[in-house]
Amino acid sequence: MTNSATAPTGTVDRTLRILETLASQPEGLPLAALADELSVPRSACHRLLSDLVRCGYVRQLREMGDYTLTTRLPALGLSFLGAAGIVDIAQPIIDRLAEISGELVRLALVDGDRLTFVAKAQGARAGLRYDPDMGIDVRLSCSAGGHAWLMTLGEERATELVARQGFGAPREYGPKAPTTFKALMKVLEDDRKRGFSMMAEMYAPGMSAMAAPVLRRGGEAAGVITIAGPLQRLTPARMQELGRPLVQAAAELASAAHGSPLLRRREARET
């Protein structure tokens, strides 16, 4: 029997990995670098890129030049989110919380075993502005959003999700991030008692964040809403002050879940 870890990578898998890699490289990548990054033969990578160019999802910046995504794939995602009602429902709530907090507010949705940011509002008008990439999968072990989701799960399920994703390399988290399951479970226990996650310098040096789960009926998380900013502004005391409006925003999103197929999906299957 072939070991799944060493089985040949299929065409669909390779194609999706190309798209995901290019999504994090807006200035583009040359064929050689992309093939090496994905451990794919250059000839195979070139064939897949040619198909993506033909279909309009990738373009070559110049002859023999770098490859980059077109706007077709982002437009597809935005169209999906718009049709699902996420923007109409969430944006006013996110905008209001950003104004109250004066920091970056984001909504991430649970999709299977992943947590992905889909909407945001920037409340900082001056000084430092924290605004990481959107559309990325959230690092569960060291992010406020990840902790807000994990705190709604049992220890076995939470451990399974983090083990699958991993804690990451030291450069991928802050100096105070939990790096063992024992330390992580202690943080989640404190989060549950508080009703929302709260952290300083776990995701990145000098940054702090907090998050609350958006709960479907029965207590399952449909997503999380987060507030993030520089530690010098978003201090532990300030996060405690923002706890109530954060939890209220999460509850408001939960009560409006019937307006979005993405937010009510699991609930509909259970009724």
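Laboratory data are not the source of any read-out in this text; all were calculated from the coordinates shown. For clarity, every value in this text was computed on a predicted model and none was experimentally measured. Note that we place each Cβ from the backbone using ideal geometry, even for glycine, and neighbour counts take in every protein chain shown.
Placing unit charges on the Cβ atoms only, positive for Lys and Arg and negative for Asp and Glu, gives segment 11-70 a dipole magnitude near 200 debye about its Cα centre.
By the count of other C-beta atoms within 10 Å, a proxy for reagent exposure, T152, T226 are ordered fewest to most as T152, T226. Label zone (K193, point 7 Å along Cα-to-C-beta; backbone nitrogen cut-off 16 Å) within segment 170-184: 183-184.
With a simple spin-label model that places each label point 7 Å from the Cα along the Cα-to-Cβ direction, the separation between R164 and A251 comes to 3.2 nm.
Fewest to most neighbouring Cβ within 10 Å: what's the order for Y203, Y57? Write out the running numbers ahead of the final one.
On the way: Y203 25, Y57 19.
If I rank by nearby Cβ atoms, fewest first, I get Y57, Y203.
Which of V224, V53 has the fewest other C-beta atoms within 10 Å, and how do the rest follow up to the most?
Details: V224 32, V53 14.
Ranking V224, V53 by Cβ neighbours within 10 Å, fewest first, gives V53, V224.
Cross-link reach is defined here as a Cα-Cα straight distance under 24 Å, omitting same-chain residues fewer than 8 places apart; for K193 the lysines meeting it are K176, K182.
Apply 1/(1 + (r/R0)^6) to the Cβ-Cβ distance of S50 and M185, taking R0 = 51 Å, and write down the FRET efficiency to the nearest 0.05.
0.60
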